[in-house]
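So the structure is just underneath, and the comments pick up after that.
The values are calculated or read from the model by the stated rules, or taken from the named source; none is laboratory data. Bear in mind the structure is a predicted one, so any value in this text is a computation, not a measurement. Here the Cβ positions follow ideal geometry from the backbone for every residue, glycine too, while neighbour counts run over all protein chains shown.
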Amino acid sequence: MVLSMDARFLPALIIHSVGGSTISYFILVLCIVTILLNQHHLVRLKLSIAYKISLFIGLSAIYLYLYKTVFLRYNFIESLTPLNYTLGLLPFYYGVIISKGMNKEILKYVLIALIVAFILNNIKSLDTTFRIVFLCILW
């Protein structure tokens with residue numbers, strides 16, 4: 001879904017990223033790949049300096065993660081946690097790249113996904129994962 005760069009998939013990507021599972025890190029890394037393949041859009045919009053700074057921070061975090069897990073033998077899941085903050089800078093540029101396919105209907109579904117995600121993340125009595133609850137509500 002990420003590599004297709006289709007704005008219709010944005011609500012689904014939000015739902016899969018909000019849960020805090022390991023798939024959210026994979027989505028963030030795919031955002032980096034998509035940005036690297038389409039960086040000419042960012043240069044045209046004069047976002048190249050901010051993009052390069054964010055990319056440097058994100059790629060250095062990935063390098064540090066790989067170093068910690070491969071050479072220092074850290075736990076795979078525990079060492080993923082700091083990546084969330086540094087890789088979280090880059091989806092903004094992914095949104096800039098796919099913004100040309102955005103319309104009012106897609107924006108409405110993105111806002112609904114964000115509101116439902118906020119509500120479900122703040123309910124403390126749920127013992128299941130976020131995505132299962134969200135999909136049950138939609139069904």
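Quick notes on this structure:
- Pairs linking a residue in the range 1-15 that is farther than 12 Å from Tyr94 by Cα to a residue that is part of a loop (DSSP other than H, G, I, E, B) and not charged (D, E, K, R), with Cβ atoms under 8 Å and 6 or more positions apart or on different chains, are Phe9/Met1; Phe9/Val2; Ala12/Met1.
- Test: Asn75 is of a type outside the set (Lys, Arg), exposed (fewer than 13 other Cβ atoms within 10 Å of the Cβ) and modelled with pLDDT under 80: yes
- Sole exception among (1) surrounded by 11 or more Cβ atoms within 10 Å (Cβ to Cβ); (2) at pLDDT 80 or above; (3) not β-branched (Val, Ile, Thr) for Asn121, by number: (2)
- Pair list, Cβ < 9 Å and 6+ apart or interchain, from the range 26-43 residues that are without any contact (Cβ under 8 Å) to a residue 24 or more places away in the chain and farther than 16 Å from Leu13 by Cβ to residues that are part of a helix (DSSP H, G or I) and hydroxyl-bearing (Ser, Thr, Tyr): Gln39/Ser48; Gln39/Tyr51; Gln39/Tyr93; Val43/Tyr51
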